[in-house]
Structure formats: structure tokens, C-alpha cells
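Here the structure comes first, spelled out in C-alpha cells, and everything after it is commentary.
The values are calculated or read from the model by the stated rules, or taken from the named source; none is laboratory data. Computed from a predicted structure; not experimentally measured. Cβ coordinates were reconstructed from backbone atoms using ideal geometry, including for glycine residues, and neighbour counts include every protein chain displayed. Remember, those area values only see protein heavy atoms, side chains included, never the ligands or the DNA or RNA. Shrake-Rupley method; radii C 1.70, N 1.55, O 1.52, S 1.80 Å.
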Amino acid sequence: MPEQEIPRVPMTTEEIEAANLGAPTRPDGRIVLRDHDPRWPAAYQREAAGMAESLAHLDHRIEHVGSTSVPGLPAKPVVDMLLIVPDSADEAAYVPALEALGYRLAVREPDWYEHRVLRRYAIDPSADYANLHVLSAGCPEIGRMLRFRDRLRRHRGDRELYADAKRALAEQSWEYLQNYADAKSEVIAGIIERAAAEAE
């Protein structure tokens, strides 16, 4: 696993289509954001408990990430989770166990930290589906994701800044959901920079 950071740059249509194992997720009209729902953390806890049992054979860690993990932050009704394993490229070590729970491999990005995404639908009445991001232990992106989440949990100003950016972008039309995610990159980078500076 490379220790040097690989910047997440906006993906082209071709890159989005190549990374997705099926059809990439398309917004149905504009992005729908909801006020924070207290059922989202509970849904995460249930999913994490099932995964912990199914992955008992594997050294791993599970975290609730993304906007549904931040109280007070509007979000798409999609519960994002992070699974940290010894080697995310070794799909045989974890994918079959997760498939038994109803997850399906949806995204494979070998050129970006061997990132994988598995998806499961109908996890809770409050959420359309769950995205399970998989990265290898030691991957720089793990710290970046957790610093971002923790900064938003602690700092109201950055939480409101991010919420305003999300609402403005949600009013636009996007070909793919990934395009909307990429459009948030600049504001996310600023928040992560402030989190890193605070930690020094």
C-alpha cells in the first residue's frame, strides 16, 4: 500500500463508468438532502454488528463516515461506512462474507488505494442504502476521512459551511452522483486542512 497520498481528482465520465461494476448511480433529478435523522447512527450500528460477526476471521475495523455520521448535518439518505482490512485488493478475504449479508461489490478502483465499495439496499426505513468503502490499513485516505468527520462533529462553523455547500450543489443537475461528490472537493479540502493544522 503506497504511503504517499493520491489526490482525489474529479473523475471523467469514462473513469466513473470503468470503476463501477454495474451502471453508475444517477441522481433522479436533483440531489435529495434530508435533515439529520437519529435513525442513521442506529442503522450503522446494526450493519457494523453484522459485519463484525461475519468478518471475525479477519483483522478489521469499521467506522461510520460521511454526512450521516455527523449530527446536525443534512445528508443524502445513504449510510456511508468504512471498512479497514489488511489488503483491500484481496477481495476473497472479505467480499464473500459480506455478500452473505446482502452486500454486493459495486465499485473497484485499483489506481486509487485499491478502493472498493460494496452496497446493500433496504437497510433501514430512513436510508435508501449503505455504501461500504473498503481500504487497506495504513492508507492515507483513512486518516483523511476520519479527520473530516471528526472536524465536522466538533466545529459548528465548518459543519455549517459544508451544509451550505451541499445544499447549493444539490440544486444543480448532475449526470452521476460521483459528479456531485467531486464538486464538493474544494470545500472538503479546506476543512481537512484546518483539521490537520489544529492537530499540529
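Can you confirm whether Arg151 is surrounded by fewer than 17 Cβ atoms within 10 Å (Cβ to Cβ) and basic (Lys, Arg)?
Values: surrounded by fewer than 17 Cβ atoms within 10 Å (Cβ to Cβ): no; basic (Lys, Arg): yes.
Criteria not met by Arg151.
Among (1) touching a residue at least 12 places away in the same chain (Cβ under 8 Å); (2) of a type in the set (A, V, I, L, M, F, W, C); (3) open to solvent by 40 Å² or more (accessible area, probe 1.4 Å), where does Ala52 come up short?
That leaves (1) as the condition not met.
Within the range 148-182, how many residues are among the hydrophobic types (A, V, I, L, M, F, W, C) and not in a helix (DSSP H, G or I)?
Number satisfying all stated conditions: 1.
Return the residues of the range 23-37 that are in contact (Cβ under 8 Å) with a residue 24 or more places away in the chain and not basic (Lys, Arg); say none if nothing qualifies.
Scanning the range 23-37 gives Pro24, Thr25, Pro27, Gly29, Ile31, Val32, Leu33, Asp35, His36, Asp37.
Can you find a residue in the range 5-18 that is crowded, with 18+ Cβ neighbours inside 10 Å, in contact with a His (Cβ under 8 Å, 6 or more places away or on another chain), in contact (Cβ under 8 Å) with a residue 24 or more places away in the chain and outside any helix (DSSP H, G or I)? Lay out the reasoning, then the answer.
Filtering the range 5-18 down to residues crowded, with 18+ Cβ neighbours inside 10 Å leaves 11, 16.
Those left that are additionally in contact with a His (Cβ under 8 Å, 6 or more places away or on another chain): none.
No, there is no match, as no residue in the range 5-18 is crowded, with 18+ Cβ neighbours inside 10 Å, in contact with a His (Cβ under 8 Å, 6 or more places away or on another chain), in contact (Cβ under 8 Å) with a residue 24 or more places away in the chain and outside any helix (DSSP H, G or I).
Looking at the range 86-103 only, could you name the residues that are on the phi < 0 side of the Ramachandran plot and either part of a loop (DSSP other than H, G, I, E, B) or in contact (Cβ under 8 Å) with a residue 60 or more places away in the chain (or both)? Before the answer, list the steps.
Initially, the range 86-103 is screened for residues on the phi < 0 side of the Ramachandran plot, giving 86-101, 103.
Once the filter is applied, which keeps residues that are on the phi < 0 side of the Ramachandran plot and either part of a loop (DSSP other than H, G, I, E, B) or in contact (Cβ under 8 Å) with a residue 60 or more places away in the chain (or both), the range 86-103 yields Pro86, Asp87, Ser88, Ala89, Asp90, Tyr94, Ala100, Leu101, Tyr103.
Could you count how many residues in the range 106-136 are open to solvent by 50 Å² or more (accessible area, probe 1.4 Å), closer than 19 Å to Arg39 by Cα and basic (Lys, Arg)?
So the count comes out to 1.
For residues that are open to solvent by less than 20 Å² (accessible area, probe 1.4 Å) and of a type outside the set (A, V, I, L, M, F, W, C), scanning just the range 86-105, find the one that is farthest from His57 (Cα to Cα).
Checked the range 86-105; the qualifying residue farthest from His57 (Cα to Cα) is Tyr103.
Mind listing whichever residues of the range 31-45 are surrounded by 14 or more Cβ atoms within 10 Å (Cβ to Cβ), in a helix (DSSP H, G or I) and not aliphatic (A, V, I, L, M)?
Within the range 31-45, Arg39, Trp40, Pro41, Tyr44 qualify.
Kindly provide the set of residues from the range 154-169 that are surrounded by fewer than 18 Cβ atoms within 10 Å (Cβ to Cβ) and either in contact with a strand residue (DSSP E or B) (Cβ under 6 Å, 6 or more places away or on another chain) or small (Gly, Ala, Ser) (or both), ordered by number.
The answer is Gly157, Ala165, Ala168.
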